[in-house]
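> Submitted below is the structure of interest, expressed as structure tokens.
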Amino acid sequence: MKTEKASRLVLYNYWRSSAAYRVRIALNLKGLPFKTIAVNLVGQGGEQRGDDYLAINPQGLVPALLHEGNVVTQSMAICEYLDECFEPYPLLPADASARARIRSLALQIACDIHPLNNLRVQKMLQHACGDALDTVAWMCHWMTTGFAAIEQQLQPGTGVSPVSSADRPGLFECFLIPQVYNAERYGMDISDFPAICRIVSRCRELQAFCEAAPENQPDAVHV
């Protein structure tokens, strides 16, 4: 993979990466034009392991955002960086306690749910356990547990309202919709989580989310 010359905002991206998906949504919600550079995580032995990409992100993970010569990694840090650098369409509410609640929900996905169904974790499990472990069932167990906790926090009276009465999604939705995509990809039924389903249904009607969807990326492989 060759590193291309940076435009103002460049996203190193893989179409099926849920972490990169989060950032694509955030960029779209904020109305920020950006250039993508595809990093193929599975082809050619994994381009993220090549010297070119490791020089950009030593973790060998996507996404990475290049902005005016600065590289920012980790999807939560990137989303908050975008919010701090670009005023239009804040992803977080103005009130400190509301910001903390939204960050908490997003981090429950980023730190507690997503890492347990990450591609490299799947591969390690399969290598270590072979046929003794059904990795899909294992992943769905942790997604179900995580979604159940989030669903409870979305109930009336909990003080959490990720999507406002004006249907204005923000940071939490940037993280939720990619995680639901992962669940659906592995055949998980999320109908037991009606509050989550309502948010997902509404967000998927919005252009920012449609354009960020994995199947609509230039490097998408339709299987």
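The values are calculated or read from the model by the stated rules, or taken from the named source; none is laboratory data. Note that the coordinates shown come from a computational prediction; the quantities given were computed from them, not determined experimentally. With ideal geometry, Cβ positions are generated from the backbone for all residues, glycine too; neighbour counts draw on all protein chains shown.
Yes or no, residue by residue, for (1) touching a Pro at 6+ places or on another chain (Cβ under 6 Å); (2) more than 24 Å from L116 (Cα to Cα); (3) buried (at least 19 other Cβ atoms within 10 Å of the Cβ):
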| site | (1), (2), (3) |
| --- | --- |
| L27 | no, yes, yes |
| V42 | no, no, no |
| Q59 | no, no, no |
| V71 | no, yes, no |
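This table checks each residue for (1) polar (S, T, N, Q); (2) at negative phi; (3) in contact with a strand residue (DSSP E or B) (Cβ under 8 Å, 6 or more places away or on another chain).
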residue: L54; (1), (2), (3): no, yes, no
residue: E68; (1), (2), (3): no, no, no
residue: A77; (1), (2), (3): no, yes, no
residue: S97; (1), (2), (3): yes, yes, no
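> Further question: Taking T144 and the conditions (1) more than 19 Å from Y186 (Cα to Cα); (2) modelled with pLDDT of 95 or more; (3) surrounded by fewer than 18 Cβ atoms within 10 Å (Cβ to Cβ), which numbered condition does it fall short on, given that it satisfies the others?
(1)
> Specify the residue that is nearest to A77 (Cα to Cα); the eligible residues are those in segment 214-223 that are touching a residue at least 60 places away in the same chain (Cβ under 8 Å) and among the aliphatic types (A, V, I, L, M).
A220
> If you don't mind, another one. Being among the acidic types (D, E), within 20 Å of F175 (Cβ to Cβ) and either without any contact (Cβ under 8 Å) to a residue 60 or more places away in the chain or part of a loop (DSSP other than H, G, I, E, B) (or both) is true for just one of D52, D112. Which residue is that?
From the options D52, D112, the qualifying one is D112.
> What's the number of the only condition in (1) small (G, A, S); (2) under 24 Å from E211 (Cβ atoms); (3) not assigned by TED's automatic domain parsing to the domain that holds C174 that G50 fails to meet?
Checking G50 against (1) small (G, A, S); (2) under 24 Å from E211 (Cβ atoms); (3) not assigned by TED's automatic domain parsing to the domain that holds C174, the one that fails is (2).
> Name the pairs whose Cβ atoms lie under 6 Å apart, with the first residue in segment 67-91 and within 15 Å of I25 (Cβ to Cβ), the second part of a helix (DSSP H, G or I) and of a type in the set (K, R), and 6 or more positions between them or separate chains?
S75/R22
> Also: For segment 6-63, which positions are more than 22 Å from L107 (Cα to Cα) and among the aliphatic types (A, V, I, L, M)? So that I can check it myself, show each step before the final result.
Step one: list which residues in segment 6-63 are more than 22 Å from L107 (Cα to Cα), which gives 6-10, 31-56, 58.
Passing the criteria: A6, L9, V10, L32, I37, A38, V39, L41, V42, L54, A55, I56.
> Also, I was wondering about something else. Residues in segment 174-210 that are touching a Cys at 6+ places or on another chain (Cβ under 9 Å) and in contact (Cβ under 8 Å) with a residue 24 or more places away in the chain: how many?
11
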